[in-house]
Each structure stands twice: as structure tokens, then as C-alpha cells.
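Notes for the one structure printed next.
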2 protein chains.
Amino acid sequence: MRRTKFSLSEDETPTHWYNIAADLPGPPPAPPLNPRTGKPLTRDEMAHTMPEPLIEQETGTARTYEIPEPVRQLYAQWRPSPMYRAHRLEQALDTPARIYYKYEGVAPTGSHKPNTGIPQAYYNKRAGKTGLVTETGAGQWGSATALSASYFGMSAKIFMVKVSYRQKPYRRALMETYGAVCVPSPSPETAVGRAVLADDPDCPGSLGIATSEALEAFAQDPSLGYVLGSAANHVLLHQTVIGQEAIRQMELADDYPDVVIGCAGGGSNLAGLSFPFLGAMLRGGRAVRVIAVEPAACPTLTKGSIVYDYADTGRLGPLFRMHSLGHGFVPPAVHAGGLRAHGIGPLISRAVEEQLIEPVAVGQVGCLEAGVRFARTEGILPAPESTHAVRVAIDEALRCREEGTPRTILFGLSGHGHFDLAAYDAYFAGELADAAASDEMLARAAATIPEVAPV
Amino acid sequence: MRRTKFSLSEDETPTHWYNIAADLPGPPPAPPLNPRTGKPLTRDEMAHTMPEPLIEQETGTARTYEIPEPVRQLYAQWRPSPMYRAHRLEQALDTPARIYYKYEGVAPTGSHKPNTGIPQAYYNKRAGKTGLVTETGAGQWGSATALSASYFGMSAKIFMVKVSYRQKPYRRALMETYGAVCVPSPSPETAVGRAVLADDPDCPGSLGIATSEALEAFAQDPSLGYVLGSAANHVLLHQTVIGQEAIRQMELADDYPDVVIGCAGGGSNLAGLSFPFLGAMLRGGRAVRVIAVEPAACPTLTKGSIVYDYADTGRLGPLFRMHSLGHGFVPPAVHAGGLRAHGIGPLISRAVEEQLIEPVAVGQVGCLEAGVRFARTEGILPAPESTHAVRVAIDEALRCREEGTPRTILFGLSGHGHFDLAAYDAYFAGELADAAASDEMLARAAATIPEVAPV
């Protein structure tokens, strides 16, 4: 039988997370700044927002951190996730390329997000918290938080970007089924939300606004732990189970990727897949090209610059050194809600700076077209976010055909699209536009980047 | 690490389907009757509706049939499906029972249906058909047909029961994404549909009506193959990969079920899981209790009788000897659309007749309550159909607690509920009723059972 699926047994679930900070060339990652003092956050200050083990994972430079047994136990429900060879897609494209994809849609909520939701819930529970609060874009992270909270018997409150709350009512219902409370953001529940609504009652929301609301709610209730779905170093760290498994699965396939492709919003899915490959390369292993695919509607890596900026619109949280479009950026309402982030993980920015990751921005119509093509050949329906990786993987495979070069392509299929069929409906109805961010929008947003003395 | 998941490698995907007709005690299964002559259908007559290998699988008594290589290749994308031990549910129920579940939601369309969609598409393609036509209730079978057709480059036309078409727009969109055409039934496209609409323009539809429409469309176009999602012998046969895998997974768990539980509409999911266990028992293996769980809204096994009746309301197809409520039965619009069938697979009826399967009917409110409980402990959100099995598994586990008996329970989790969150929404809003079929409805439907001389 032709080999299509490369499976590992649950005993082969990684035992450690991998920290790329140990292997990155150049200066160490710059520390986040306290928004009140403008000085690097101390561990004591960080202790107000996260439990000790997460602070260590956020700031430490050890190469690996051990995965606690109860977390591995929960991972093992669907991990190791499958890696597939896309034989039928290759055939349809008539390409000499070998295309593989690592599929995270087998998680109970259908995306890679529980990989970090579970450890964050675990550490907060151990620190005595009885509930979790967070923000969510398309709802993948919110569902993962709701699931993770329910695993540990905790409450969960989720501020969901309003445009996604309306577009994806099933995501909201899923969170509620796990017992969470889901609030459309901007909301009248917080001072930040009230201020935004006073300015624009029809504001579709953004991840930055929802983050501020979650931070405000967190600050008001000491029983809650604040958890976050992307960008932070420890979040990217937790996702590295993906790439570590993929390295072993590539061994099973007796192959190795020339190109690794992932969609990028906050960067956790891309980092999860690519950092273990980059780490291997940095330690003397095979060279690999890594491509970060972002939506043209929110071109953080391709049009933003590396600055100190807030992750949240309300400027309640720390400043991070990262690619940012400005914390005032409100991206157009594209279907890939999970990629609508004005800033990206500092470790991704460092990797881009060191030319370890190439960013590219694509329009959503071509992504949905690629998603349909993928579904009709490989059977799995990709989430709109994941179609960004599919699009560029197909483009790379077509380039291989033109050049007659049989490169090996590995991309991250970060989630299934069973909650996102409104996007496919809109695509077939011809109602989808590419909705790129205009120069004027970008200039207005860039003006919100604070002036900070270099640290 | 505590063992939670029992996985087999793709090389362990079964090589043969198992035919319980070879092992059933009592008289051989009664043949279907030609609706025009009232006499048993000949193989020549069957050849009008299905390709030769499917006729053999429908009528033959060989114990096993080999699974063709291209079918196994496609199965291997998600098979063998995982079997889990429900440790967290057991703990929440404080039961001495050991609860296992076999999870079919990992298939690309989220349910067990592609197990038969793929071989039916394969055999029809080999017989020269270029398209498939079928009916669907909740859309699980329609999605599987759309997927299977796209795997083999065929067109697909799906008549979908109107109430589900409206309740589950994402199922419709999924079929369209795979390239299928989806028609709400009753429709003006067929004579059967037009007659029903003339009588009742607001008719919510039923599987019987949709079947008639699909059969009519099939009769008018020789390029189409008619495929069906449940009840028929060959469909039940294809699903036996589920139970065969579960037997091997139970060996890995070093355990064996005392009770096997499955939801039952047409019977294919129940048969798929239970027939291999029943076969082992009939050949001298360990005793196993099998429970068929049907909705109180459509109590085919618990309130129907074994008769010759049509599977389709329009009386275009053959008559089958099966439990039936009468082909005129239109069940209330419960959320478990996939269980709204007035008749059930003849092999299931034979097994009930031989007291190998115990039927039980349950209301949907208790099922959804069980689904929420399951999601909050095990993480996976069950489809409304699957919650019927969850409900009875929980009841059995609670009985074990009362009796202090540590029985082993295995149930079929036939699909995920990511398309069905409207049902959970309605449950939380308190808008769900149990909608049992009334005596009057049942009497009116029973009057539509034809009088047929015993064969």
C-alpha cells in the first residue's frame, strides 16, 4: 500500500518543549517593557500575570522544558497528530514536488490551540486560580481555553472579536457547551470596551481590543488566571510538540523538507511547526527554508517594522519588541479571524530579522480557492487560516513543476474548517474580496506606535 | 502514563469486511421483493440499481469480502480510528464500570459514513458511472457521498431532508465545497416531490421521501449510480471495519466488552461496531450484550413490527423484511436527523428477532444532557445521533455504580457535533422537547404498511 499517513504512537508524544531562544544567533530576545515605567519587566512584575513555571518558560534560555505528566496525558488524546503525504494533490497539480502536511484538526476543538491551552490551564490551576480569562479572534483559541478549563474543572470567560462572534456562532456555542462564558468584544463590560463603543458603536472589534478587555477583567478578579493564545514566548514553546513530531514523521517518510510553510497571525502555529526544524539547522543540521504566510488584510511581517509596541489596544499590557502595524490597527473583516493580529510573537520577529523566516502576504480569495482544491483532492476541509499555508504550498509545488525540481514541501494544516463554512459559502457566491489593508489604514495605524527609547 | 487511547497503525486497517449473514442462527435473511411483481428480486433485477460486487455483498453469505486496495488506501487516511478509555467520564460518574468508546469523528466529514461511501463510489466508478445520486437526513451521509465522489472524480447529487437542510446549512456548504449539488427534499425536481408538496407545501421532509426522489432521479439518468447510506446489507457490511478494529483495540486494552452500545437509525453504525463482536460470540466466543438506541421520536425497533415494507415513501424501491413504522411515517423534527428512519436494516431486524440485540428508545433532552456531560469530561463534542449511545452508556455505568459491578462498556461515538451546535444551543436555551411519536401518529403510519403474502 502506498504510504499516505505517518503515525506515531501516543508513547512517542514529545516529553519536552523546545525553546529556540537557546539556539538563535545574534543578541538574546529583547525583554518586554513595563507600560508604566518603560523599563524591562522584572520577574516580580511578571508574577502578577502568570505563574512561576510560565515565567521561566517565557524568559528562560534553556533549550528544553519538561512537559508535566498531566499535560502529556491530555495531549495523548489526539497527539501525536498525523502527518500526511498529499499524493492526490500532487497528482492534481502534476508536480514533481513531494507535499506533506501536519494536521492539527484532530484536536477536540479542531485546531492546534489546545497544545498551549492545556499547559496554561494546568499551571494556573496549580497556582490556585479557579478560572481563566482570555480573548479570541475566530474562536479557535477561545474554544481551546474553554476545553482546557473544563479539563481542570475551572471557569472560563472569553472576550471574542465581535465580527467573528457574529460570523461563527457555532464557535460561541462550542465554548458555551464546555461551560465557558463568551462575550462579544468591544463590550460594555469593561472601561476599554465602553470607550471603543463610545467612539464607534459599530466597531467590528480586533484582537488588540479584546486583549485589553480580558486584561482589564483579569486585573479586577484575583481568582482568575489570564491565558493567551499566541505570540508570547511560552505559547510558541508549547506548540513545538508539532514540529518535534514532524521531524520524527519525516524520518518515517525517509524524507526531509526543503521548505516549511505555516500561516502566521500571532505566530504560534508557524513557530510550533518550524522552530524545531530551524533549531536542528542552527545546530548544524540540514538547511530549511521557512515561509510565514499572512493575510494581505493584516500584513504585520511584510508591511510592519520591528518596534516596541503594545499587544493590546488599551495599552494595559507590556510592550514587546516585535513586528507591528501599530496597536491602533483594526484590520478588515476577513474570514481568517485568527490571523488578524497587529503584532506577532517576538521570537518570530527575531527569526525574520535573522533571515531564518521569509514572510509573504496573500489575498483571501486565492486562499479559499486553494482550500477548495485541497478539500477536493485530500478530503480534509481546511480552516480559512490554514488555507493561507495551502495556497503558498500549492504555489511552491507549481514552481517545482515549472523548474522541473522535485523539492520536499511541508506545511502546517493548523485546523479543520467545519466551523468556517460561511467563508466557503461566500467564496462560491463570489462575495469574497481580497480586502488588503490600504496605505492610508497602515499609515494611520503606524502613528499609534509609541516612541520608546531603545533598551 | 495512564493508557487512554488504543491506536492501531494504518497497516492494521482490516483487509476484509465481515458478513454476519454467515453466522446468524435461524432462517437466512429474507430476500427483498420487487415492488411491481411482489416476488423476490432477482440478481438481474438488482443489476439495474447496483454493480455486481455490491449485489454479491448484498445477497451473499460468504463470511468475509476482501476490501479492494484503492478503498483500503483511502480508508488509511483516518483508519484505524481511535478507541478511547473514558477515564475522566468514569471518574465524574464515580462508577466502577470501565467505559470505552470507538470514535469515528476523525473521518474528513466527521462521521462513520465514508466507510461505505468510498467503496460504493469505487464500485460504481469501475462499472462506468460518472456520477452518484443519493438522499441524506442530517447530512452526514450526503457529505460522505460528496467526499467519496470527489475522491473518484465523479459528480454527486444529494436530496437532503428539508428540515435538516435548514437546520444544518454548514452540512450543505460542505457538500458543495466537495463539488456536490444539494437539493432540499421534498423538491419540485421530481414527481414524488411535487406530489408531496401539493399535499403539504410545508412538509419538513423525511428520509423516505428523499429516498424516493433520489431513486426517481437515478431512474432518469443512466450515467448515475445510486448509493445509499444505511440499512442495506452491503452498507452494514462495509461498516464492520469499525468493530473489527475495536476487537483488536480491546486486546490492546486487555479487556472485553460486556455491553456494546450504538445509536440506531438505519442501523449501519450499530452494525459496524457490534456485528464483529456478535459474530465472535456466535462462533463460540465470549457473550456480549448489544443495545440499539433509537430516538423516542422515531421508535422503529421498539414500536414497529417486522413486516415487508418499502424503504422509500414513493414506493419506487424494493420491499424489505424489517422493523418498520410504515413508509408513511414522518417523524417529528428532532436534532438527530440521521436517526429519523421509519425502517431499519434487515440484518439488524434479524438480530433483534434472534434476541442478539436489545432495542431501547430515549428522548433527545436526556441525550443532549449526556452529550454536554461527555464534552465537559472527555473533550469531544458528540453529534446528536451519537449522544443517544452516550446517554445509554452513562445509564449503564450508573447502574454499575448502584449494583457495585465493574462491567466493561463499549459504545460507538459515530461522529463529532461541530456541525450540530444549533442542537446544543437549543438545549441550553431550554427550547428542546422530547418530541416522542404519538400513538395516533404511529397508528396512521402503520396503516401505510402494505399487505404482502409471506415469502
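Quick notes on this one:
- Check on B:SER206, under 21 Å from B:ALA422 (Cβ atoms), touching a Phe, Trp or Tyr at 6+ places or on another chain (Cβ under 8 Å), at pLDDT 95 or above and crowded, with 24+ Cβ neighbours inside 10 Å: no
- Filtering region B:91-113 to residues that are free of Cβ contacts under 8 Å to residues at least 40 places away in the same chain and more than 27 Å from B:ARG2 (Cα to Cα) leaves only B:PRO108.
- Considering region B:101-206, the qualifying helices (runs of 4 or more DSSP H), each wholly inside and each with 1 or more residues that are within 16 Å of the chain's Cα centre (by Cα) and within 11 Å of chain A (Cβ to nearest Cβ), run over B:114-126, B:140-151.
- Taken together, the residues in region B:82-91 that are within 10 Å of chain A (Cβ to nearest Cβ) and either surrounded by fewer than 22 Cβ atoms within 10 Å (Cβ to Cβ) or assigned to a loop (DSSP other than H, G, I, E, B) (or both) amount to 3.
- No other residue among A:THR42, A:THR37, A:THR4 is more than 30 Å from A:GLU353 (Cβ to Cβ) and β-branched (Val, Ile, Thr) apart from A:THR4.
- Yes/no for B:ARG399 being away from chain A (no Cβ under 14 Å), crowded, with 24+ Cβ neighbours inside 10 Å, among the charged types (D, E, K, R) and farther than 30 Å from A:TRP78 by Cβ: no
- One residue stands out in region B:92-122 among those that are of a type in the set (Lys, Arg) and crowded, with 24+ Cβ neighbours inside 10 Å: the one that is nearest to B:GLY225 (Cα to Cα), namely B:LYS113.
- Considered as a group, the residues in region B:411-439 that are within 19 Å of B:CYS298 (Cα to Cα) and of a type in the set (Ser, Thr, Tyr) include one that is nearest to the other protein chains (Cβ to nearest Cβ), and that residue is B:SER414.
- Top-ranked residue in region A:211-228 [being under 23 Å from the mean Cα position of the chain (by Cα) and charged (D, E, K, R); ranked as surrounded by the fewest Cβ atoms within 10 Å (Cβ to Cβ)]: A:GLU216
- Against the test of being under 22 Å from the mean Cα position of the chain (by Cα), more than 14 Å from chain B (Cβ to nearest Cβ) and either surrounded by fewer than 21 Cβ atoms within 10 Å (Cβ to Cβ) or free of Cβ contacts under 8 Å to residues at least 60 places away in the same chain (or both), the options A:GLU56, A:GLU45, A:GLU52 yield a single qualifying residue, A:GLU56.
- If only residues of region A:1-32 that are among the aliphatic types (A, V, I, L, M) and more than 14 Å from chain B (Cβ to nearest Cβ) are counted, the one that is nearest to A:LEU89 (Cα to Cα) is A:ILE20.
- Test: A:PRO188 is at pLDDT 95 or above, surrounded by fewer than 24 Cβ atoms within 10 Å (Cβ to Cβ) and either at positive phi or not polar (S, T, N, Q) (or both): yes
- Residue check for A:LYS125: basic (Lys, Arg) and either buried (at least 24 other Cβ atoms within 10 Å of the Cβ) or under 16 Å from B:HIS418 (Cα atoms) (or both): no
- Screening B:GLY26 on (1) out of contact with any Asp or Glu (no Cβ under 6 Å at 6 or more places or on another chain); (2) surrounded by fewer than 19 Cβ atoms within 10 Å (Cβ to Cβ); (3) small (Gly, Ala, Ser) shows it passes everything except condition (1).
- Residue check for A:ILE380: touching a Lys or Arg at 6+ places or on another chain (Cβ under 9 Å) and under 30 Å from A:ASP254 (Cβ atoms): no
- So A:GLU69, is it acidic (Asp, Glu) and away from every other protein chain (no Cβ under 14 Å): no
- Of the criteria (1) of a type in the set (Val, Ile, Thr); (2) closer than 24 Å to A:ALA264 by Cα; (3) crowded, with 24+ Cβ neighbours inside 10 Å, which one A:THR177 fails: (2)
- Residue selected from region A:363-375 under the condition of a type in the set (Gly, Ala, Ser) and closer than 20 Å to B:TYR151 by Cα, by the criterion surrounded by the most Cβ atoms within 10 Å (Cβ to Cβ): A:GLY371
- Residue that is nearest to the other protein chains (Cβ to nearest Cβ), among those in region A:376-396 that are of a type in the set (Gly, Ala, Ser) and buried (at least 24 other Cβ atoms within 10 Å of the Cβ): A:ALA383
The values are calculated or read from the model by the stated rules, or taken from the named source; none is laboratory data. Computed from a predicted structure; not experimentally measured. Quick reminder, even Gly has a Cβ in these numbers, built from the backbone with ideal geometry, and neighbours come from all protein chains shown.
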